[in-house]
1. So, in region 18-43, how many residues would count as being surrounded by 13 or more Cβ atoms within 10 Å (Cβ to Cβ), among the polar types (S, T, N, Q) and under 12 Å from the mean Cα position of the chain (by Cα)?
2. Which of the residues spanning region 58-94 are within 26 Å of residue 111 (Cβ to Cβ) and in contact (Cβ under 8 Å) with a residue 60 or more places away in the chain?
3. With the requirement that a residue be in contact (Cβ under 8 Å) with a residue 40 or more places away in the chain and outside any loop (DSSP other than H, G, I, E, B), what does region 102-116 give you?
4. List the strands (runs of 3 or more DSSP E) inside region 38-99, counting only whole elements, that have at least 1 residues being at pLDDT 95 or above, over 14 Å from residue 24 (Cα atoms) and touching a Gly at 6+ places or on another chain (Cβ under 7 Å).
5. Of all residues in region 44-59, which are in contact with a strand residue (DSSP E or B) (Cβ under 8 Å, 6 or more places away or on another chain) and either acidic (Asp, Glu) or open to solvent by 10 Å² or more (accessible area, probe 1.4 Å) (or both)?
Amino acid sequence: MIKLVLGLSFFLLLSTFRVGFAQTQISGSVSGIWTKAQSPYRLTGDVTVPTGQTLVIQPGVVIEVPNWSTDLIVNGTLLAQGTATDSVYIRGKAIPQDNISTHGGSIFFNAGSSASILNYVSIDRMGDTWSF
């Protein structure tokens, strides 16, 4: 009986632990709402907010950009509005097996993105370096 109770307790603990580590992999054209519950959002390729579309990023969302060649391109509207106690985080996060990439790509705001708002957004380890 004790083994059954301990086994069940361990299973419930692991189930609860896994819920805190949801991850959403995303690339391509996006719009809609990114929530903290689905965070972190890991960009697996360039992500574009199309002209006439809006992407809302809620407080507490973490966006991971795994390498220098992956960009966030805003042609529409990006509303990333964290709070003083719960920011939005956009960060470069190198893939362990990728020895050449130590930071994420760039964030481009193109014509048509002027309605975008970023409040309480932390941007870390991002930005391309181009040399010719």
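The values are calculated or read from the model by the stated rules, or taken from the named source; none is laboratory data. What you are looking at is a predicted structure, and each value in this text was computed from that prediction instead of being measured. Cβ coordinates were reconstructed from backbone atoms using ideal geometry, including for glycine residues, and neighbour counts include every protein chain displayed. These accessible areas exclude ligands, DNA and RNA; they are computed on the full protein's heavy atoms, side chains included. Shrake-Rupley method; radii C 1.70, N 1.55, O 1.52, S 1.80 Å.
1. 5
2. 65, 68, listed by residue number.
3. Passing the criteria: only 104.
4. In region 38-99, the matching strands (runs of 3 or more DSSP E) lie at 41-49, 54-57, 88-92.
5. Result: 44, 45, 46, 48, 50, 53, 54, 56, 58, 59.
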